[in-house]
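Notes for the one structure printed next.
The values are calculated or read from the model by the stated rules, or taken from the named source; none is laboratory data. These numbers were taken from a predicted model, which means no experiment stands behind them. FYI the Cβ positions are ideal-geometry reconstructions off the backbone, even for glycines, and counts take in every protein chain you see.
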Amino acid sequence: MPRAPNRHAIVSLFTIGALCLAASARAQRSPPAPRPLVAREQPSIPLWPGGAPGALGNTLDDQPVMTPFLPPVGHANGTAVVIFPGGGYQHLSMEQEGSDVANWLAGTGVTAFVVRYRLGPTYRHPVMLGDAQRAIRTVRSRASEWSVSAERIGIIGFSAGGHLASTAGTHFDGGATSGGDAIERMSSRPDFMILMYPVITMRDTIGHRGSRVNLLGEHPDSSLVKLLSNETQVTRATPPTFIVHSTDDTVVPVENALMFYRALEHAAVPAEMHIFEYGGHGFGLAPSDSVLSAWTTLCEAWMRRHGWLTGARP
């Protein structure tokens, strides 16, 4: 386990202790009430209106899009979050880890954007990262249009989408200094990250093989494996990060989250991690579990502490 938390980093031990003891009684508890539908879904927009670079066709699988979900009128707080659903880099959980998450965020005043990025085995790295970076740049370039601040753009990723999010948070740039595409001149660095049961490493022993094969192929070069093992890519410039995982995850071992947290702590990056005893993999908002669903409340508290849920003039 990580060392005792310092002022830069917080590990939630009560989610392993008191919160997880409560999990034993969850069968006797009533599930949380369903979240009301508050997000105002907008038409999807192509990330590259003129056609995605490297596209092998013109279908939805070849042309990535982003769907905005706006908060209720008058409730936007100036923060945006770009959402990367999971699915092992082979399919996307667009409802449970996409629109449902956007609805939760919109209820807090956050403007959310669900990204349908390109997938393997048709596409390989760096296509997925390019799609993620383009989504972040697009939100930043059109921030005033969506009433958000260009300096309050976070990302959230689930499972393989968590790997994509952690890749975007460790492999970013300041944007092109010249060129006719105004979007590409924007920075691709997210201002904060939320990683849900994320794939972090590409190493065989504790990574998720399906995600690795779909992203890198059957026999990737060792240098590429290291480059996309994001626990090795954390620096002081990595954005503040909130992590959630469960001990009993048999699909993506909890060691992925632990390694990334340790790397963040070593680099003195503000970080908070919550590990639940039970939860398995792919629980999304966990609406039927009164214990596991507490992660959204914990995340809101973290965002509020950093000022991302307070009103800000764009």
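Conditions tested, residue by residue: (1) outside any helix (DSSP H, G or I); (2) over 20 Å from GLN63 (Cβ atoms).
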site: LEU92; (1), (2): yes, no
site: SER99; (1), (2): no, no
site: ASN103; (1), (2): no, yes
site: LEU129; (1), (2): no, no
site: ARG134; (1), (2): no, no
site: ALA143; (1), (2): yes, yes
site: GLU151; (1), (2): yes, yes
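Filtering the range 36-54 for residues that are at negative phi, buried (at least 19 other Cβ atoms within 10 Å of the Cβ) and among the charged types (D, E, K, R) leaves an empty set.
Of the residues making up the range 68-90, those that are assigned to a loop (DSSP other than H, G, I, E, B) and within 18 Å of the chain's Cα centre (by Cα) number 7. Checking each residue in the range 110-127 for being polar (S, T, N, Q) and in a loop (DSSP other than H, G, I, E, B) picks out only THR122. Looking across the range 124-164, the residues that are surrounded by fewer than 24 Cβ atoms within 10 Å (Cβ to Cβ), farther than 21 Å from LEU224 by Cα and small (Gly, Ala, Ser) come down to SER141, ALA143, SER144, SER147, SER149, ALA150. Comparison of PHE283, PHE260 shows that the only residue that is in contact with a helix residue (DSSP H, G or I) (Cβ under 8 Å, 6 or more places away or on another chain), part of a loop (DSSP other than H, G, I, E, B) and modelled with pLDDT of 95 or more is PHE283.
For the subset of the range 58-67 comprising residues that are assigned to a loop (DSSP other than H, G, I, E, B) and in contact (Cβ under 8 Å) with a residue 40 or more places away in the chain, which member is surrounded by the fewest Cβ atoms within 10 Å (Cβ to Cβ)?
LEU60
Among the residues of the range 199-229, the one identified as among the hydroxyl-bearing types (Ser, Thr, Tyr), without any contact (Cβ under 8 Å) to a residue 24 or more places away in the chain and either assigned to a loop (DSSP other than H, G, I, E, B) or touching a Phe, Trp or Tyr at 6+ places or on another chain (Cβ under 7 Å) (or both) is THR205.
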